Amino acid sequence: MSVTTEPRATTTLTAPKTLIPAPPHPRHDDGDWTRLVDAVRESGQYPTRPEAERITRIVLSALGGHVIGDERVDLARALPEEAARVIASQVPATRRLTAAEFVDSVAARIEGATPATARWDVSSVLSVLPPLVGDDLTTRILAQLPSGYALLFGRADLSPAS
């Protein structure tokens with residue numbers, strides 16, 4: 001019994017002659033996330049970048065549950081892509097927290113945190129957002145949150161006392 005083989009066709013792959021450029025990406029790049037974390041590190045005087053990044057993620061994830069509607073969408077659009085993911089991945093809260101309760105909820109997420117250190121952490125992150133997202137959006141976000149949050153964003157709280 002003899003075996004015969006047939007010649008196989010070979011294919012040579014060549015690079016395309018024309019390169020199609022990627023569409024412009026409307027999102028911020030990783031460098032913007034780095035700049036955001038560096039701003040938080042400077043604001044909060046954190047000793048390391050990883051610590052500033054950890055605090056940034058925790059605070060943004062807490063905030064993501066409390067900003068809703070168009071403001072949440074606009075906030076995600078205005079932030080670097082990584083920060084937008086953190087905000088957008090949160091399930092909206094079922095109950096609005098006062099500013100003090102919000103700080104306490106962040107303290108519960110940070111090992112060894114006290115209300116005072118958590119307030120520092122929250123303010124270190126939230127106070128860098130207004131220059132990044134703009135005064136108009138910051139005002140709209142604060143309008144949907146209970147009074148007391150303005151101070152966390154580095155603004156005077158000019159709302160009337162309830």
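The values are calculated or read from the model by the stated rules, or taken from the named source; none is laboratory data. None of the values given here were measured: they were computed from a predicted structure. Glycine gets a Cβ as well: all are built from the backbone with ideal geometry, and neighbour counts include every protein chain shown. Side chains are part of the model used for accessible areas, which takes the heavy atoms of the whole protein and leaves out ligands, DNA and RNA. Shrake-Rupley method; radii C 1.70, N 1.55, O 1.52, S 1.80 Å.
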Item to complete: Looking only at segment 62-89, count how many residues are open to solvent by 50 Å² or more (accessible area, probe 1.4 Å) and either in contact with an Asp or Glu (Cβ under 6 Å, 6 or more places away or on another chain) or of a type in the set (S, T, N, Q) (or both).
Response: 1
Worksheet item: Is there any pair with a first residue in segment 76-93 that is under 19 Å from G31 (Cβ atoms) and of a type outside the set (F, W, Y) and a second that is assigned to a loop (DSSP other than H, G, I, E, B) and open to solvent by 50 Å² or more (accessible area, probe 1.4 Å) whose Cβ atoms are under 7 Å apart and which are 6 or more apart or on different chains, and what are they?
Response: P80/H28; E81/R27; E81/H28
Worksheet item: Only one of these conditions is not met by I87: (1) of a type outside the set (F, W, Y); (2) out of contact with any Gly (no Cβ under 6 Å at 6 or more places or on another chain); (3) in a helix (DSSP H, G or I). Which number is it?
Response: (2)
Worksheet item: If you scan segment 137-161, which residues turn out to be farther than 27 Å from Y46 by Cα, without any contact (Cβ under 8 Å) to a residue 12 or more places away in the chain and touching an Asp or Glu at 6+ places or on another chain (Cβ under 9 Å)?
Response: A143
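Being among the basic types (K, R), open to solvent by less than 70 Å² (accessible area, probe 1.4 Å) and modelled with pLDDT under 95 narrows it down to one residue among R155, R96; which is it? Give the derivation first.
Details: R96 fails: open to solvent by less than 70 Å² (accessible area, probe 1.4 Å).
Answer to the check: R155.
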Worksheet entry | Within segment 21-64, tally of residues that are in a loop (DSSP other than H, G, I, E, B) and modelled with pLDDT under 95 | 9
